[in-house]
Amino acid sequence: MKNFRIHLKIIVVVFVTMTIISCKENNNKVEEKKSSEVTLKKEESNTNKNSAITAEFRNSKATEAFKHYIDIKTALVKSDSKKAKKSAEELVKVLPSIALKKAAEIIINTDNIEDQRKAFSTVTLLMETIVKETITTGEIYKQHCPMAFDNKGGYWLSTEKEIRNPYFGDRMLKCGSVTETIKK
């Protein structure tokens, strides 16, 4: 009987210890989750800052087109194909370039985020030309991810130096670097 009580006490102590450890792990996971949610909200807030364009352009069409371009980029960063489509639709309404319209229409006509990202790289190349020709004040950052498109790399434009990768979204949010500052 004495051995039974000792074994029972050991079992109770082990059970209580395991319960405490388990609770601590759950609390740590909750804290980690809260911390990652705060980080994501900060990153989303920073990404939303990109929508506030600090550069100025020679004409209102270029300004509006660039705003919609940034909206597409932000949607792709968030892996939001619906928002990317909507922003591409707005971009098509103001674009002066037929080639740019065709590239944006690919984004509009697919729900596949990877196909949208590929089309966005073409939109970026064409938009860069417009930006370089029409920027009058401010700075636009040309950024590059060397891992995009099976390590062929991909460029995008941003109003912030901070990297928010539209080609990988939250999978590799900060992968990339500024390769050029576009300004007058």
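Within segment 70-110, being surrounded by fewer than 18 Cβ atoms within 10 Å (Cβ to Cβ), acidic (Asp, Glu) and closer than 24 Å to Lys174 by Cα holds for one residue alone: Asp80. Would you say Phe66 is at pLDDT 95 or above, under 18 Å from Thr181 (Cα atoms) and open to solvent by less than 10 Å² (accessible area, probe 1.4 Å)? So Phe66 fits the description; yes.
Working only within segment 113-130, note down all residues that are open to solvent by less than 10 Å² (accessible area, probe 1.4 Å), without any contact (Cβ under 8 Å) to a residue 60 or more places away in the chain and not polar (S, T, N, Q). Quick ask: steps written out before the conclusion?
Of the residues in segment 113-130, the ones open to solvent by less than 10 Å² (accessible area, probe 1.4 Å) are 116-117, 119-120, 123-124, 127.
Remaining after also requiring without any contact (Cβ under 8 Å) to a residue 60 or more places away in the chain: 116-117, 119-120, 123-124.
Hits for segment 113-130 are Arg117, Ala119, Phe120, Val123.
For beta carbons closer than 8 Å, sequence separation of 6+ or different chains, a first residue in segment 43-71 that is farther than 16 Å from Ile135 by Cβ and a second that is polar (S, T, N, Q) and modelled with pLDDT under 95, the qualifying pairs are Asp71/Ser51. Tell me which of these Glu180 doesn't satisfy, since it passes every other one: (1) out of contact with any Lys or Arg (no Cβ under 6 Å at 6 or more places or on another chain); (2) in a strand (DSSP E or B). Result: Glu180 passes all but (1). The requirement of being closer than 17 Å to Lys61 by Cα, in a helix (DSSP H, G or I), out of contact with any strand residue (DSSP E or B) (no Cβ under 7 Å at 6 or more places or on another chain) and hydroxyl-bearing (Ser, Thr, Tyr) is fulfilled somewhere in segment 122-141, by at least one residue. Can you tell me which residues in segment 131-172 are aliphatic (A, V, I, L, M) and open to solvent by less than 30 Å² (accessible area, probe 1.4 Å)? Residues satisfying the conditions are Val131, Ile135, Ile140, Ala148, Leu157, Ile163. Scanning segment 75-118 for residues that are within 21 Å of Gly153 (Cβ to Cβ) and among the hydroxyl-bearing types (Ser, Thr, Tyr) yields one hit, Ser79. Residues in segment 150-174 that are part of a loop (DSSP other than H, G, I, E, B) and touching a residue at least 24 places away in the same chain (Cβ under 8 Å): Thr159, Glu160, Glu162, Arg164, Asn165, Pro166, Tyr167, Met172, Leu173. Selection of segment 153-184 for residues being aliphatic (A, V, I, L, M) and touching a strand residue (DSSP E or B) at 6+ places or on another chain (Cβ under 7 Å) yields Leu157, Ile163, Val178, Ile182.
Restricted to segment 130-170, and to residues there that are farther than 16 Å from Ile53 by Cβ and touching a Leu at 6+ places or on another chain (Cβ under 9 Å), the residue that is modelled with the lowest pLDDT is Asp170.
The values are calculated or read from the model by the stated rules, or taken from the named source; none is laboratory data. Owing to the predicted nature of the structure, the values given are computational and were not obtained by experimental measurement. Note that each Cβ is placed from the backbone with ideal geometry, even for glycine, and that neighbours are counted across all protein chains shown. Keep in mind that these areas ignore ligands, DNA and RNA; they rest on the heavy atoms of the full protein, side chains included. Shrake-Rupley method; radii C 1.70, N 1.55, O 1.52, S 1.80 Å.
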